[in-house]
Structures are given as structure tokens and as C-alpha cells.
Amino acid sequence: MAKNTVRTATGRTLDDLNIEAVRAGELTAEDFRISGETLRHQAEAAEAAGYWQVAENLRRAAELTGVSNQEVFDIYDALRPGRCTYDNLTALADRLEKGLAAPLTAAFVREAAEVYQERGILRDSDSSAKRRMSVAKGDPHEGAS
Amino acid sequence: MRSKRFEKLAKRPVNRETFIKPWPEVGLIAVDSPLDPSPSVEIENGVVVEMDRVGCEEFDLIDHFIAQHALNLGVAERAMATPSGEIARMLVDINVPRATILELASGCTPAKLVEIVQQMSVLEMMMGLAKMRARRTPANQAHATNRKEHPALLSADAAEGALRGFAEVETTVGVTRYAPLNALAVLVGSQTGRGGVLTQCAVEEAVNLRLGFKGLTSYSETLSVYGTEDTFIDGDDTPWSKAFLGAAYASRGVKTRYTSGTGAAALMGHSEGKSMLYLEARCLLITRGAGSQGTQNGSISCIALPESLPGGVRAVLAENLIAMMLGLEVASGNDALASHSEMRKTAKLMLQFIPGTDFITSGYGAIPRYDNMFGGGNFDVTELDDWYVLQRDMQIDGGLTPVTEEQVLHVRERAARAIQAVFDGLGFPPISEAEVEAATTAYDSADMPDRDKVADIGAAHKLLYGPLTVVEVIRILEEAGFHDVAANVLEMQRQRVIGDYLQPAAIFGDDFQVLSVVTDPNDYQGPGTGYRVEGERWSVLQSLPQAWEPRTYLKSVGAVQESMWLEEIGPAERGNQVEIVIALGPAFGAEISHTIGGLDHRDVLSAVLQGIQGEGVPARVVRAHHTSDCAFIGYAGAQLSGSGVAVGMQSKGTTVIHQRDLAPLDNLELLSQAPNFDLDTYRQIGRNAARYASGESTIPVSTKIDNTARLRLIVQTTLLHLYETQQVERDRPPTELRVS
């Protein structure tokens, strides 16, 4: 990235992020948040290098810069198996699209809703649940990351 | 009846491991399960309707995700129609660039990717790794953890790891609630050792995400993905939830890499009868489809499971290769304990070490195994010198830079003081001077004072859930005088805003220069291309602190000009009585004063003389000038000896008993293991020479056999012999010596 064009999520330039400003108490953690615009530029760079899925991920990330930490946690949890009904997920997708200006993430959630319904991993009986949800048993990679 | 040899073999470290025969139905098979599908793809109207013999109406979660996100439909039909053997040959063909294979592989299904690598031997796969690795410059990752979760020790260990060149340092916890403090300690320590080291604290996803959001960590490789639907569900995730998580990390400027590996599905009981490698290929396509820049794969913590099976280690290498074919950054395992056998462990490592990967280990214990909270780890701090020597032996960059003890002590103390200042500034439980001192010199956490765990956990909670941020940490470091550490931690935060290190395979080189596929793409295409260890880097890698200067060796072995106790008194004459001539090498008792076994030449000569005189035979001493070869020194002495028997001695202590009528390279006795000789050996040599001269029956001198002597001392032998050879005057006949 051309460093003179970078703006933080709070609109500061890189030059603003210096030790004097830290000492003067002028900066907060929010000032060190990457901006959606920067992430979209990074997505273009990844795409140009042939990494189109990385680019898609960075574009979804760009959308999430405008989503609060807590809401990020909540969306993640909603996408885990057995947490939501089909309607919950489509409502979430609507909110992402209309309330949070996150159409790519919204489409991703809608896609998940369809597949989850088909595979029976939604909460409740509104899915064509053919399979029994099993309980999480942990991560075999835990302990050697 | 038992063979004693088989009894010994049964007790070898390698036989503490478990070896089983394949059982495909439950997934206990490395490759080629009968239930693995053959490759296929069918695309209708831009939609995948069949993949690896499964119709879309039967797709599970993973098939759906791969079909929708992973496959490059523009090349899928061409890629699938290209014979697998042809793509395999392209992988080892230096004339085919990496980009060509990346493009073809982007259209391959899991079964196709497996079919390609199944054409290849491990050697060919290693060639594939050298070419397909994403980043040109190889690197390595460290583990820094300890049982006491001691912040000063964590900070010091992270600093040492950074100094040693690890590009990433990861920590984890014994008790989850410590996570924020451990992340903080490793952040401060790593930036004390070397600016630009990426750090993470591996914990449960929600906490992990919070740590990243706080700026306490800069990467995450905790995102596990699985090769079967049931395993995924048991892991309480789906490809969509994991992909969302990946985007969430990126949205806060945190680098992520997914984790998967052979054996996980079998271990979790949901293999569907598929081979480990096939299921891992599915994981890798999920990883790519989710837009992860990379993967931590190579079986990881499951490594012992594929290793129990035939072809398991080859399959683990194959999974690294498939990941690279998909363009992913690969942290290639070698992190969890892979064997009781040093031979097996090292042999396995070489598969990644020699070709080089983005991270040769996805966690090298930069701490003692006792303190490794990632299950002990495969390699630890005591094996660092082995690693350095392997780099030097093979002219290979394994990602580590040699350091001196002084440098290490310096950064450890500084890192301990930096975290002490941060704890003080944040009002956290103080870190005492005694703790700083202990952390500076500690071997492991047993050397550290205990801390008030309740108070530390309280501070950790405050850090994670309160208003404190890394900005406060930077301010405290700056005000406490740790300007460079403050600047480095600040730069890490600035880099989050820039986001260049979100590109595939990114690490920071010197001065926060980003090395990634964008700035440092692997361009290997055979000899003379790609990353090569040369110039300054090669000079650094060969300069181990324990490597010494051979030019100054002779000063160190005491080759000082002492008083002349051996005086040349004229040309040596041939004797005509029963006597023993002791013929000395050109430097004996002069330029060189001790044998390689550390014996003073005076004592050695006295012992030989005693041995001879004890048998009532007279002796005289001459010096050979024309040769430094032991046999020829002895042969020259024998020509001068009245009895025809002589003792020939080189300065390094090698001795021969020679006889006039033998061929020069023949002898009565050759005593070549000089490092093992004591003065009694030399007395026996003198006695035996006298007995040969007197015609008495003689038992050859017995010496201790130490087969490691040559290994230990061949350099010293070479140098002593070189120095003696430099004293040779080819045309000068032997001279008579007077011993005073």
C-alpha cells in the first residue's frame, strides 16, 4: 500500500500515529483500526496477485470494519451449527445488508442458511432436520497450534 | 528362545512408538483408502453439479463450500482433464513456473489433488515444495510458554526467540484467564528482541478474537477446519462460521492462518472410511475457499497417528505440498512431538527443512520442553545448536540466526525490565528485581519465583475487559525509557492500519519490511534461482559462536618456545650396538610441546626412555627433519639404530615401533590412538621396543579403544600435523639430540 494514502478507520493518516501523539494522550485504540477502504485496496492487490478468495475475504473484512466487536461475536456464534433457525439467519442477513452496509457478508450468511437447512444443522424443527446435532467435543488441534 | 539383539532392538526409542496395519473402514489409512473417490467434476451453467463422484444433491457442508468458494470454475474442466501424472511432472520440472501450477491446481478437486501427489516420491515432493512455497524467504515460528505463566519469563523468552530470528512467536496458556497477560508479555518481549515479530496467544476463539481486537496479538492460527461434516460439527463450527471468523480477524488487521492436518477426522471418529490425505485435501480446499492466506498443516498435533501407518510421513509431506499448490502460506508442522527416536524425528524434519517452507516448524519450542504448554513440543531450546549446525552443514536457511550468550542475556534482561515497567505503569501486580534477574538467566520456570496468581488473573481480566489498550502500553514503555520497544510496539499497531501483512505469507523482515507473495514471491526455477543462502546471510549462518579460528590454534596448545631442552648436537650416525633409537618428528619438543592427548613432550620422552632402560637397553634420541609422517620417521630411526629397532614419534603423539628391514609403511607396532595414551602407554612402548631389540617375545601394547576420538579431534590432529609438516626440511638428514 502506498503509505501516504492510508487512512485509519478514524480518518487519521499514518503520520498522525506517532509516539508524541501517544504521549500526549491524543490516540486511542480506535485510531489503530484498519479502514474498510484500506482493506478493499488490499483486496485489489491480492486479486492482482491471483488470490481471488483472499480478496473476497478482505472485502468481507472491509464490511466488518463497521460492525462492533460484540456484533462480530454474535454473528460468529449465529453461524455455528445448531444456533439459529433458518429465519434467524435470513433476518441476520437482512440486517447485514440493510443496517450494516455489508452485502457480501449478508450473501454469505444467506448461502449458509440454505446449506444449513439442506444439511439439517439449524436449530428447531423448521429445518428439514434429518440428522441429529451432536454436541461440541473440542478441537483435536488444541495444544499444538 | 530370544535373540539378545532383538531384545536390544525392542528397547530402542523407536519401538516405544505404535505401529499398526491400515484399517481403511475407520480412516486408519494414510493414503488410498478403497473408499476414497476418484476425481471428477461436472459443471452446468456455472454450477458444480458433481464433484469427486458425488452429485450435488448429495453434497455435504464441505462439498457445498468447496464447490461454491474453492474451485476456480474457469479452469476446472481443463485442470481435471490434464492427466495427474503430467501435473506431477510439472511440479518437478524446473522449466514450469510456480504460477502455471497454481492456476491448474485452482481448478482441481480434492481427489484430483491427491491423485497428483500420489504420483510422486518424497524426493519429488520436496522438489515441489522448493518451487511451490509461497514466500521466497523461508522462516520459522517459536513457542514461548511456561508452566507458571510467568510474565517476566515469557517476555524474556519471547525476546530471545525474536533475537534468534523467529518470524512469529506464539504463546498459549495453562489457565485461559491468563491469556491477556501472556499475550502482553510476549508482545513486549518479542518487540524488545527484534521489531516486527508477529505474535499470537492460542486460546478459545472468542477470547482469541478479543486479544486481536485489543492489539495484543497480530496473528491467529487457531482456526481449525476438518475434512468431514461430522468432525466439523463436533468442532462446533462450519466452513461458513470459520470463514466469517477469518474475515473478522482481517477486519481488525490481524493475520490469520487456518489449521488442519492428516489424522484429525480419524481421531475424532468421523473419517467416513476416507484416507487421511484425502480428507486433508478437503480441509485445504475449505481453507482456500474461505480466503485464508495460509494454513498450519502437516498433521500438527495428530502427527503420531499418520506415523503409526505405512506411508504416513510421506502423506504428511504430501499435505504440505497440496497446500502450497493451492497458493497457501504453509506453517509445515514439526511442532508436536513426532518421535521418541532422534533419528526418526530428524529424518521427518528434513522433508521440510531441506526444501524450505514458509514456516519450517509451526512452533519450535524456544523454551525447555518442561515449559511447553503446547503439549511439550517436538524440538526445544536445548536442540537449538543442533538446528544451527544443520543450517551450517547444508548451507540451508532454517530461519534461525546464531547468537551469543551475551546478546541473549542482554535482551532477556531488557525484556524482563520492559514488562516490569509495563506492569508497574498499568498498576498490575509488581514484577520484582529478583524476578527480573531470575528471568534473565533462567533455564525454565522452576527457576522463577512464584507469583500471586489470583492477583495476576485479576489484572488479566482488567486488561481484557477494561479500557486499557496497547496504546497505554506504548506510552508506558516510552516514558520508562524503553524508546525502541515503544517504537516497535507502535509500529506493529501502525502496520495493522496499513494491512500489507494481510497478504499471503507475510512476515516482517528488517525495518518492518513486509515479505509476502506480493513483495517476495518464490521464484525458484532450478539451480541459481529462488532463495539461496549466500553473501551476508551465509556468512551469518556459518559464524557459530562455538566455531573457532584454526589459525590461532597452535598458540592455544602451548607451542611456545620454552627453554631448549632438546639440543641438536650434529648429524645422527648409524649405531653399531644393541640400542633403541627414538626418532622424533620435526616439531617435537620445539614448535609443539604437547601431544594431542595433552601430555608434555618431556614427560612422554622420559617415559619411553624409562621403558627402554628398564630392559637394560641403551637409547639415544634423534630428530627427523625430512618427513612428518610417522612411518617414515620410525623408518629413518630404524636405519640409524644399531639393533635395527626404533621408536618413531610424531609431535601429536602417534608412535610406531619400526625395524630396519621392514618396508617403510610396515611396522612392528603402530600406536595410532594418541588421544587415549597415558605415560604408561609410552613406557610400554619403550619396553616393547627394547624387547624386540633383545629378541625377546613381546605382547603388543594394549591401548584403550575410543571410537569417538577421531570424531572429536580430527581437526586438532590435522592442525598439529599441518604444523609439524610445515617444519619439514626435505633434504636435511636426521640430527642427534641431547636431552637435558
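The values are calculated or read from the model by the stated rules, or taken from the named source; none is laboratory data. The structure presented is a predicted model; accordingly, all values stated were derived computationally and were not measured. Note that each Cβ is placed from the backbone with ideal geometry, even for glycine, and that neighbours are counted across all protein chains shown. Accessible surface areas use protein heavy atoms only, side chains included; no ligands, DNA or RNA. Shrake-Rupley method; radii C 1.70, N 1.55, O 1.52, S 1.80 Å.
The table below gives the values:
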quantity: Modelled FRET efficiency - R0 25 Å, B:Gln726 with B:Asp393, Cβ distances, 0.05 increments; calculated: 0.30
quantity: Neighbouring partner chain Cβ atoms per residue of A:23-30, average, 10 Å criterion; calculated: 4
quantity: Ordering of B:460-472, B:351-363, B:589-601 by burial proxy (mean other Cβ atoms within 10 Å per residue, highest first); calculated: B:351-363, B:589-601, B:460-472
quantity: Magnitude of the charge dipole, the protein assembly as shown, Cβ model with Lys/Arg +1 and Asp/Glu -1, debye to 20; calculated: 1440
quantity: Spread of Cα-to-Cα distances over 10 Å intervals beginning at zero, given as percent, for the stretch A:66-125; calculated: 25, 57, 17, 1
quantity: FRET E, pair B:Ser3, B:Glu479, Förster distance 60 Å, beta-carbon r, rounded to 0.05; calculated: 0.25
quantity: Radius, Kirkwood style, for chain B when every pair of distinct Cα atoms is counted (Å); calculated: 29.6
quantity: Antiparallel bridge percentage (DSSP; both residues within the protein assembly as shown; nearest 5); calculated: 50
quantity: Rg in Å to one decimal, and Dmax rounded to a whole Å, for the stretch B:663-740 via C-alpha atoms; calculated: 15.7, 39
quantity: FRET E, pair B:Val96, B:Asp706, Förster distance 51 Å, beta-carbon r, rounded to 0.05; calculated: 0.45
quantity: Neighbouring partner chain Cβ atoms per residue of B:478-488, average, 10 Å criterion; calculated: 1
quantity: Averaged over A:33-46, number of beta-carbon atoms from partner chains that fall within 10 Å; calculated: 5
quantity: Charged-residue dipole, Cβ positions (Lys, Arg, Asp, Glu), the stretch A:66-125 about Cα centre, Debye nearest 20; calculated: 80
quantity: Translational diffusion of the stretch A:23-88, µm² s⁻¹ [Kirkwood Rh, Cα pairs; Stokes-Einstein; 20 °C; 1.002 mPa s]; calculated: 153
quantity: Given charges at Cβ of Lys, Arg, Asp, Glu: the stretch B:40-108 dipole, positive-most of B:Cys56, B:Ala79, B:Leu91; calculated: B:Leu91
quantity: Heavy atoms of B:Ile705 accessible to a 1.4 Å probe, total area in Å² rounded to 10; calculated: 130
quantity: Shape category assigned to the stretch B:1-124 from the gyration tensor of Cα positions, a/c cut at 1.5; calculated: oblate
quantity: Kirkwood Rh in Å, taken over the protein assembly as shown so that all alpha-carbon pairs contribute; calculated: 30.7
quantity: Under 18 Å from B:Lys704, Cα to Cα: lysines that are on another chain or at least 8 residues apart; calculated: B:Lys652
quantity: Debye intensity ratio in log₁₀ form over the Cα atoms of the stretch B:554-739, taken at each q of 0.09, 0.16 Å⁻¹; calculated: -0.27, -0.90
quantity: Helix-derived mean residue ellipticity, 222 nm - over chain B, DSSP H n ≥ 4, -39500 (n - 2.57), to 500; calculated: -12500 deg cm²/dmol
quantity: Virtual spin-label span in nm between A:Arg23 and B:Ile20, 7 Å along Cα→Cβ; calculated: 6.3
quantity: Net dipole in debye of chain B [+1 Lys, Arg Cβ; -1 Asp, Glu Cβ; about Cα centre; nearest 20]; calculated: 1300
quantity: Axial C-alpha extent at least 27 Å, average Kyte-Doolittle at least -1.0 - helices from chain B (DSSP); calculated: B:405-426
quantity: Hydrodynamic radius (Kirkwood) for the stretch B:268-369, which is based on Cα pairs only, to one decimal in Å; calculated: 14.0
quantity: For the stretch B:554-739, share of DSSP beta bridges that run antiparallel, in % to the nearest 5; calculated: 60
quantity: Tensor-based shape of the stretch B:400-555 (alpha-carbon gyration tensor, a/c under 1.5 rounded, otherwise prolate or oblate); calculated: oblate
quantity: Among B:Ile476, B:Leu720, B:Pro733 - extreme Cα towards positive end, dipole of the protein assembly as shown, charges at beta-carbon; calculated: B:Pro733
quantity: Estimated distance in nm for a label pair at B:Asn576 and B:Leu35, the labels positioned 7 Å out from Cα along Cα-to-Cβ; calculated: 10.0
quantity: Protection proxy ranking of B:290-300, B:493-503, B:607-617 - average other beta-carbon atoms within 10 Å, highest first; calculated: B:290-300, B:493-503, B:607-617
